[in-house]
Amino acid sequence: METILDITQILSILPHRYPFLLVDRIIEYEARKRVVGLKNVTLNEPFFDGHFPGAPVMPGVLIVEAMAQTAGVLMLGSLPDRASKLVFFTGIDGAKFRKPVVPGDQLRLELTVLKLRPRYIRLRGEAYVDGQLVAEAEISSSLVDRSVVERSDQINSAAFTPLE
């Protein structure tokens, strides 16, 4: 399994940082089409303290977030001005969680583009552990100028409207 982007390269693309960075490596990358990332799930994750004591399970919403961050690498990775952009979730559809993800698992996050516009993307996301599908969802995101968000006391609701 070849690493296309390591954690240092991912940090140069995504704005997320510990404890919210949820993708460790990119192992496949086809610009504007597909990306595959890995997330190593360890007992040291802060969410396991409360979810659930004695029976740690990765929250489904964080599995979807890991998919979205992997998609963010695809969306931002080829932009020359990516430092001036943010990717905001605009939708999650058909999310299904098929099997618990626990410490020691490695999530394989596969995202395939369904629709792509200059400031909007919709993808099919699937998460696997040991070749078994554990979660799936369709996600959409919008590309937003960082300066708009930084200038505002509140995030402008227009930033969440997909621009197709």
**Message:** Give the lysines reachable from Lys85 as a straight Cα distance under 25 Å; neighbours fewer than 8 places away on the same chain don't count.
**Reply:** Lys33, Lys39, Lys115
**Request:** Might you report the magnitude of the Cβ-based charge dipole of the chain about its Cα centre, with Lys and Arg at +1 and Asp and Glu at -1, to the nearest 20 debye?
**Result:** 440
**Message:** Show me the ranking of peptides 117-130, 6-19, 31-44 by mean Cβ neighbours inside 10 Å, starting with the highest.
**Reply:** 117-130, 31-44, 6-19
**Message:** Taking 8 Å as the Cα distance limit and 6 or more residues as the minimum spacing, I'd like the relative contact order of the chain as a percentage.
**Reply:** 22
**Complete:** Longest principal axis of the chain (C-alpha) makes with the long axis of helix 60-77 (C-alpha) an angle, in degrees to the nearest 10, of 40
**Item:** In Å², nearest 10: area of Phe20 left accessible to a 1.4 Å probe
**Value:** 90
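Using a 1.4 Å probe on the protein chains only, how many percent of the accessible area of the chain belongs to carbon and sulfur?
52
Keeping all protein chains in place, calculate the accessible area per residue for the chain (probe 1.4 angstrom), answer in Å².
Per residue, the chain has 53 Å² of solvent-accessible surface.
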**Item:** Pairs of alpha carbons in the range 1-53 whose separation is greater than 14 Å (percent)
**Value:** 59
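The values are calculated or read from the model by the stated rules, or taken from the named source; none is laboratory data. The structure presented is a predicted model; accordingly, all values stated were derived computationally and were not measured. Every residue, glycine as well, gets a Cβ built from its backbone with ideal geometry; the counts of neighbours run over all protein chains shown. Side chains included, ligands, DNA and RNA excluded: accessible areas come from the protein's heavy atoms. Shrake-Rupley method; radii C 1.70, N 1.55, O 1.52, S 1.80 Å.
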